[in-house]
Amino acid sequence: MKKKVVVFGSFVVDLTGRTPRLPIPGETVMGSSFAMGPGGKGSNQAVAAHRAGADITLVTKVGRDVFGTVATDFYKKEGMDTSYVFEDEKKETGCALISVDENTAQNEIVVISGACGNITSEDVERSRSLIESAGILLLQLEINFDALCKVVEIAHGAGVTIVLNPAPAAQLPDDVLRRIDIVTPNETEAQVLTGVKIENQADAERAAKVFMDKGVKEVVITLGSLGAFAMNQEKSELVKRLSVEAIDTTGAGDAFNGGFVMALAEGKDLFTALRYGNVTGALSVTKLGTAPSMPLREDIDAMYEKAYG
Ligand code: RIB
């Protein structure tokens, strides 16, 4: 039986400009196109898990403005539950200013969290029974830290498996980390949290050990062109990156996390789930945008079969 997944995280509207190259500080460059669409790491990961076939509920917060309706309209179209999309009476819906280099597919992002940076203790209490009923809770670092800590405390107390994607990179107290079951940073985020500079598999192994010494049970580190690395008490493994024609890498980490938790929720082990994450991430970069670029389960299964079957 599938475990229920709860994602507690950000929704923001992505305002994305494509450009022949990213500007350096102080420089203006001419862009080639603009798009507005649903984004935010929490929401993107929830959409990825939903399209991958997981039973998910997203808890997030928007403002009473036109950007807020971008969230609810999109979730309704996707067939996602909107009962835990809270509304802030004063704060505006968050947004992200994104530039994508159309030659390298790389991006630069500034996130203004808005309403989802103002999750109140009442919002958390209204979500308590949902969190406690989850099999897996997936978190990121785009909501306010006090709310994150409370959510972690509730989930940990209820024995829910907590997966933390510590993005964007930030320091976290050991007291929070020791309650996390699985952490899924990229190499930069892992460096910020462990102090280990990661350039190869041996570095990733060292960083994973630091996480495990702090009480995290299982570690996944995405390593860009090197692939993705996973470690638990029994073994560690580096799985190579899948080669695809990338046109927009924005949200690839979110796709990875969505595919990864979908597989965990279906009872797959850490290393199999890592491969599902890899496939979901690889497929997402072949399309423009973040949430809209998340792949469907049939495409994930087809690529999984080809790559690892
Ligand atoms: O991970 C990509 C996401 O980061 C974007 O959708 C943007 O909203 C930022 O939160």
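Here are the numbers:
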item: Check on Thr28, assigned to a loop (DSSP other than H, G, I, E, B), under 17 Å from Ile119 (Cα atoms) and away from the ligand (no atom under 16 Å from the Cβ); result: no
item: Qualifying position, being in contact with a Lys or Arg (Cβ under 8 Å, 6 or more places away or on another chain) and either assigned to a helix (DSSP H, G or I) or in contact (Cβ under 8 Å) with a residue 12 or more places away in the chain (or both), among Val196, Val163; result: Val196
item: Single residue of Gly40, Gly53 found to be on the phi > 0 side of the Ramachandran plot and within 13 Å of the ligand (Cβ to nearest atom); result: Gly40
item: Residues of the stretch 65-116 that turn out to be farther than 16 Å from Val12 by Cα and assigned to a helix (DSSP H, G or I), as a count; result: 3
item: Residue count for the stretch 107-132, restricted to those that are surrounded by fewer than 15 Cβ atoms within 10 Å (Cβ to Cβ) and either within 16 Å of the ligand (Cβ to nearest atom) or modelled with pLDDT under 95 (or both); result: 3
item: Check on Glu125, more than 27 Å from Ser225 (Cβ to Cβ), of a type in the set (D, E, K, R) and outside any helix (DSSP H, G or I); result: no
item: Residue list for the stretch 274-292, filter: outside any loop (DSSP other than H, G, I, E, B), buried (at least 24 other Cβ atoms within 10 Å of the Cβ) and in contact (Cβ under 8 Å) with a residue 40 or more places away in the chain; result: Leu274, Tyr276, Gly277, Asn278, Thr280, Gly281, Ser284, Ala291
item: Index of the failed condition, Val47 passing every other in (1) hydrophobic (A, V, I, L, M, F, W, C); (2) within 16 Å of the ligand (Cβ to nearest atom); (3) open to solvent by 40 Å² or more (accessible area, probe 1.4 Å); (4) not in a strand (DSSP E or B); result: (3)
item: Residue that is farthest from Arg128 (Cα to Cα), among those in the stretch 82-106 that are more than 16 Å from the ligand (Cβ to nearest atom) and either open to solvent by 60 Å² or more (accessible area, probe 1.4 Å) or in contact with a Cys (Cβ under 7 Å, 6 or more places away or on another chain) (or both); result: Asn103
item: Among the residues listed as Ile162, Ile221, Ile182, the single one being modelled with pLDDT of 95 or more, open to solvent by less than 10 Å² (accessible area, probe 1.4 Å) and touching a His at 6+ places or on another chain (Cβ under 9 Å); result: Ile162
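The values are calculated or read from the model by the stated rules, or taken from the named source; none is laboratory data. Remember, predicted model here, so these are calculated numbers, not experimental data. Because the Cβ atoms are built from the backbone with ideal geometry, glycine has one as well, and the counts that use them run over all protein chains shown. Heads up: the accessible areas ignore ligands, DNA and RNA and are worked out on the full protein's heavy atoms, side chains in. Shrake-Rupley method; radii C 1.70, N 1.55, O 1.52, S 1.80 Å.
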